[in-house]
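Below is one structure, written out as structure tokens, with a few remarks after it.
The values are calculated or read from the model by the stated rules, or taken from the named source; none is laboratory data. Predicted model only: the values in this text are computed from it and were never measured. As a convention, Cβ positions derive from the backbone with ideal geometry for all residues, glycine included, and neighbour counts pool all protein chains shown. Ligands, DNA and RNA are stripped out before the accessible areas are found, and what is left, the full protein with its side chains, is counted by its heavy atoms. Shrake-Rupley method; radii C 1.70, N 1.55, O 1.52, S 1.80 Å.
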Amino acid sequence: MRALTLVSDRNLQLIEQPDPPPPGPGEVQVRVRAMALNHIDVWGWRGMAFAKRKLPLVVGAEAAGEIVAIGPDVTDRKVGDKVALYGAITCGTCRPCREGRDNLCENVAGVLGFHVDGFARELMNTQARLTVPVPDGVSWIDAACAPVTFGTVQHMLFDNARLESDETVLVHAGGSGIGTAAIRMAKAIGATVITTVGDDEKAEKAKALGADHVINYRTDRFEHMVRKITGKKGVEVVFEHVGPDTWAGSMLSLKRGGRLVTCGSTSGVTTQINLMQLFQQQLKIFGSFGCTMRNIAESLAKMADGIHPVIDTKINIADFEVGLDRLESRKVFGKIVTLI
């Protein structure tokens, strides 16, 4: 079988590997059908000092596929099932795992495609419990965007920030994969959406998605525009994933008692915080990483109801580096995906 393999920093090769053995107890064998690119793929491709891993490494952190074989004791999956694939190897036995808080697993063995071999291969074995059934009518491409993209947004907006229909949310980087998903999910419940983008073309696309107010952060201070749009009150929720470049403005954009939820740090990993502002305004800050299996199922249900991911580009697996370069340059509006 073919496997897209990182052999050194910024050096990907499509390599022939032996097919996996028959699935063992608790396992299923999956033919990977579609995969979506994420910033974690870019970080892994660049070579990140904090990534404890050994090369060569099969890449790919977000995917969906079809079950082609099942282990001897698997009863809740069958050959032919269409499934989304969880992107981390959790233990399934610690307290967080037992309570359905999979992304807080105490014994996680790594993120696929970053620490351990990922999804960019034709066949793979995985634990049946790490697969989520895909509803009828959801395409391979859409399903591939559920485990990281939609699942992350579902966890951020509704588990952590608890966004309500009568509230206003500021979504940063509205042209990104999670930004576009956040706009669609927030609008689906009736929330008011303010979003930031980096150019006028993306602004028009964000409006077409349903964003109520779009701010070009290259021409306007977004925090000033947010205060103006909200009559100086600020927003109830900030959807943050940029990092230090936007952090201070995000805090200023919150109304009293507002909630900031963050899942990323694409502009850097450290920032400053005004503690007096934090406690005087009674603000709440939530760190959010990944999602739970439940979040993936919720995301797939939303897709079945018509909330689809925005697709920027479809590429061949051999052009994966082209997709990573496009993602790194921030030229995208939505998701870059590949069929395998």
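Taking the accessible area of the stretch 179-269, probe 1.4 Å, and keeping the other protein chains in place, the carbon and sulfur fraction comes to 48%.
Residues whose amide H falls under 5 Å from that of residue 258, counting only those 5 or more places apart or on a different chain, are 284, with hydrogens built in the peptide plane.
How would you order 1-14, 120-133 from highest to lowest mean count of nearby Cβ atoms within 10 Å? Numbers along the way, then the final one.
Details: 1-14: 15.8, 120-133: 21.2.
Descending packing order for the listed peptides: 120-133, 1-14.
Counting only C-alpha contacts under 8 Å and six or more residues apart, can you give the relative contact order of the chain as a whole percent? If you can, show how the numbers build up before the last one.
Numbers: 789 pairs, mean separation 64.3, N = 340.
RCO, the chain: 19 percent.
DSSP assigns beta bridges within the chain; of those with both partners inside it, close to 55 percent run antiparallel.
Global size of the chain: 20.0, 62 Å for Rg and Dmax (C-alpha atoms, Rg to one decimal, Dmax whole).
If you sort 111, 197 by accessible surface, 1.4 Å probe, largest first, the order is 111, 197. Proximity of backbone amide H atoms, modeled 1.01 Å from N, is registered between residue 81 and 67 at under 5 Å, excluding neighbours fewer than 5 places apart on the same chain.
Pairs 207/314; 82/205; 54/78; 232/302; 232/284: which are spaced more than 25 Å apart, C-alpha to C-alpha? Write down the numbers at each step before the final one.
Values: 207/314 23 Å; 82/205 31 Å; 54/78 33 Å; 232/302 34 Å; 232/284 19 Å.
Pairs exceeding 25 Å: 82/205; 54/78; 232/302.
When only Cα pairs below 8 angstrom with a gap of at least 6 residues are kept, the stretch 1-131 shows a relative contact order of 34 percent.
Could you rank 66, 204 by how accessible they are, 1.4 Å probe, largest area first?
Numbers: 66 50, 204 110 Å².
I get 204, 66, largest accessible area first.
For residue 123, the amide hydrogen comes within under 5 Å of the amide hydrogens of 32, counting only partners 5 or more places away or on other chains and with H modelled in the peptide plane. Once C-alpha pairs closer than 8 Å and six or more residues apart are averaged by separation and normalised to the residue number of the stretch 1-51, the relative contact order reads 33 percent.
Where the eigenvalues come from the Cα gyration tensor of the stretch 155-280, what are the semi-axes √(5λ) of the equivalent ellipsoid, largest first, in whole Å?
Numbers: eigenvalues 77, 55, 42 Å².
Those come to 20, 17, 15 Å.
Computed across the stretch 275-340, the Kirkwood radius stands at 15.4 Å (inverse of mean 1/r, all Cα pairs). Counting only protein heavy atoms and a probe of 1.4 Å, the accessible surface of the stretch 21-109 is 54% carbon and sulfur. For the chain, the solvent-accessible area of protein heavy atoms averages 45 Å² per residue (probe radius 1.4 Å; ligands and nucleic acids excluded).
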